[in-house]
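The values are calculated or read from the model by the stated rules, or taken from the named source; none is laboratory data. Treat the numbers as computed from the prediction; the structure is a model and nothing was measured. For neighbour counting, all protein chains shown are included, and Cβ atoms are generated from backbone atoms with ideal geometry for every residue, glycine included. With ligands, DNA and RNA removed, areas are computed over all heavy atoms of the protein, side chains included. Shrake-Rupley method; radii C 1.70, N 1.55, O 1.52, S 1.80 Å.
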Amino acid sequence: MSRAKSTLEQWRILQAVVDHGGYAQAAEALNKSQSSLNHAVAKLQHQLGIELLEVRGRKAHLTPQGEVLLRRSRHLTQMVGELEQLAGNLEQGWEPSLTVGRELIYPMEHLVCALARFLPLCRGTRVTVLDSVITGTHELIQENKVDIAICGGQPPKGYLAEPLCEIEMILLCSPQHPLASLPAPLDDKELARHLQLVIKDTALKSPKELGWLKAEQRWTLSNFHEALAILKRGMGFCWLPLHLVEQELEMGELVRLQLQGSSARRVPLSLVIPNRDRQGPAARLLEQLILERHGKGQETVETEQTRDETND
């Protein structure tokens, strides 16, 4: 003989009775009548053929069987609650995932701070961060592969950009490198005789080589960490973001080189939304949190948060 199936509502009522310490307290918390809760739990026990609760004094206590089943039911109701929330988010246009393209020279600390504020408001949105270099960032924007892009230099033609900050790129080598012992400023002909480390453009279709690339020998690397490891071994010179090497400069592991006519470069960084028409509320929120990190967009962020709190 098959038994009638229990419902999620019955399990939620049982959880409330246990969590609030009795039928009367649970009825008040759920804004339901005590008799309806008694009936729901009694029916659940009848359907299962197991006693889940026993009343001792004025308090309801779980039976050993009830403890096992209640523990399992909590996982189930939590999963269903998350599923219902996801459906609601999708109905409202809240994105289940976001992809952010980050120009490699953009300080990760800025993005982490924005993401830390985004986390408690994100409604479970998954975030992917793609590091990109030079025209690789442009490619991500033009092919709509990211929802938000932090772009170095000029953005691709036809795209609007919001300025964020400027990054200072400096010329470096190890104090043991021959260049470190030469009088400053260096002539670029002298520089060209030594190994240059460059960071690879991440564009897949038509990568470009930008900047000073006159060295007779070049090694191309994927990221700044690889370049740092090689520099510290006394091999080559490289342009790196100042914020990334401040500790190495302070400890004397690297030295800054002065080049005649160009001892430092300043690269502007800006935020680009590749497709405003498809931008959803999660992307708008994260965009404003990034802007706020640079002293912009605070009023918009507060409005978003206030609206969410009102809706909740």
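Summary table
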read-out: Evaluation of Ser6 against (1) open to solvent by 70 Å² or more (accessible area, probe 1.4 Å); (2) among the polar types (S, T, N, Q); (3) part of a loop (DSSP other than H, G, I, E, B) (one fails), failing number; value: (1)
read-out: Complete set of residues in the range 1-52 that are hydroxyl-bearing (Ser, Thr, Tyr) and at pLDDT below 90; value: Ser2, Ser6, Thr7, Tyr23
read-out: Selection status of Ala60, among the hydrophobic types (A, V, I, L, M, F, W, C) and under 23 Å from the mean Cα position of the chain (by Cα); value: no
read-out: Residue count for the range 9-49, restricted to those that are open to solvent by 50 Å² or more (accessible area, probe 1.4 Å) and touching a Ser or Thr at 6+ places or on another chain (Cβ under 8 Å); value: 2
read-out: Within the range 92-119, tally of residues that are open to solvent by 30 Å² or more (accessible area, probe 1.4 Å) and more than 12 Å from the chain's Cα centre (by Cα); value: 3
read-out: Output for the range 53-68, where each listed residue is out of contact with any strand residue (DSSP E or B) (no Cβ under 8 Å at 6 or more places or on another chain) and either at pLDDT below 90 or of a type outside the set (A, V, I, L, M) (or both); value: Arg56, Gly57, Arg58, Lys59, Pro64, Gln65, Glu67
read-out: Enumeration of residues in the range 163-193 that are under 18 Å from Met108 (Cα atoms) and touching a Ser or Thr at 6+ places or on another chain (Cβ under 7 Å); value: Pro163, Leu164
read-out: Strands (runs of 3 or more DSSP E) contained in the range 38-147 and holding at least 2 residues under 20 Å from Arg276 (Cβ atoms) and hydroxyl-bearing (Ser, Thr, Tyr); value: 97-103
read-out: Leu286 open to solvent by less than 20 Å² (accessible area, probe 1.4 Å), modelled with pLDDT of 90 or more and in a strand (DSSP E or B); value: no
read-out: In the range 130-152, residue nearest to the chain's Cα centre (by Cα) [restricted to those that are closer than 18 Å to Gly280 by Cβ and surrounded by fewer than 19 Cβ atoms within 10 Å (Cβ to Cβ)]; value: Lys145
read-out: Any pair with Cβ under 6 angstrom, 6 or more apart, that starts in the range 272-286 at a residue that is in contact (Cβ under 8 Å) with a residue 24 or more places away in the chain and ends at one that is open to solvent by 50 Å² or more (accessible area, probe 1.4 Å) and not acidic (Asp, Glu); value: Val272/Tyr159; Pro274/Asn144; Asn275/Asn144
